[in-house]
């Protein structure tokens, strides 16, 4: 089974802090994605990457950046955390257009 | 503008009965539709998919119906079990242009199956 691992299940950070969310997949997939899930809004795409060193903005990239230095690792960076970035963050890896595997998520609270 | 909508935030069903979860979309440039199930503190897990060239796909207790003219799909769970209690997300796969391969999610429906 494809495994997507997010390093933290729960995080509490202060406003203004720089926050790193890490995601690792073990199936050599080229495509990786970061979503956030909020009640009533579903999952919204923040950033994605089709290959190492490549990144594309999703639907809500403001306040975020990403890093993909190795194929298996895709990091989401909150440059200066704000309270409206309190959310569940989900990383996904994709084998093909219809086969996504999600990590367990990181519940981030910004205080 | 929400291109994929799940207009029922929640659904409550008795064990053994049918659960019907609905999803509407506004964009014709989707060629696959997926259903995911999500438990709290876990990531979404894939349930079932349907291609836009089909009108029905079945997998065990789960059946998805697609009505292209109405831009509507539904997930039927028969019989419903308490373990089916979760949030269900409908997602559409972009067929071309800048949305090619991207997933667009609905807001989710919380299903509760009572014993």
Which ordering of B:88, A:10, B:32 is given by a fewest-first count of other beta-carbon atoms within 10 Å? A:10, B:32, B:88
Regarding the protein assembly as shown, what are the three Cα extents along the principal axes, ordered largest first, in Å? 48, 39, 35
Beyond 25 Å, what share of the Cα-Cα pairs of chain B remains, rounded to the nearest whole percent? 17
Once both label points are put 7 Å beyond Cα along the C-beta direction, the residue A:82-residue B:17 separation in nm becomes 4.5
Over chain A, what is the mean sequence separation of C-alpha contacts under 8 Å (at least six apart), divided by residue count, expressed as relative contact order in percent? 36
The FRET efficiency for residue A:52 and residue A:99, from their Cβ-Cβ distance with R0 = 22 Å and rounded to 0.05, is 0.60
Computed over chain A, the ratio Rg/Rh where both radii use C-alpha atoms and Rh is Kirkwood: 0.94
Taking springs between alpha-carbon atoms closer than 10 angstrom, which of B:69, B:52, B:19 fluctuates most in the Gaussian network model of chain B? B:69
Mind checking B:94-105 for the average number of partner chain beta-carbons within 10 Å of each residue's beta-carbon? 3
Within 10 Å of each Cβ in A:32-38, the average number of Cβ atoms from other chains: 2
Segment A:34-50-segment B:64-115 distance, computed between alpha-carbon centres (Å): 16
Residues A:89, A:64 in order from fewest to most other beta-carbon atoms within 10 Å are A:64, A:89
R0 of 30 Å, Cβ-Cβ distance residue A:60-residue B:41: FRET efficiency to nearest 0.05: 0.85
Full-extension gain in nm, residue A:14 to residue A:30, via 0.36 nm per residue minus C-alpha separation: 2.4 nm
Give me A:86, A:106 ranked fewest to most by other Cβ atoms within 10 Å of their Cβ, as a rough exposure proxy. A:86, A:106
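Rule-based calculations on the coordinates, nothing more; no lab input. Treat the numbers as computed from the prediction; the structure is a model and nothing was measured. Note that we place each Cβ from the backbone using ideal geometry, even for glycine, and neighbour counts take in every protein chain shown.
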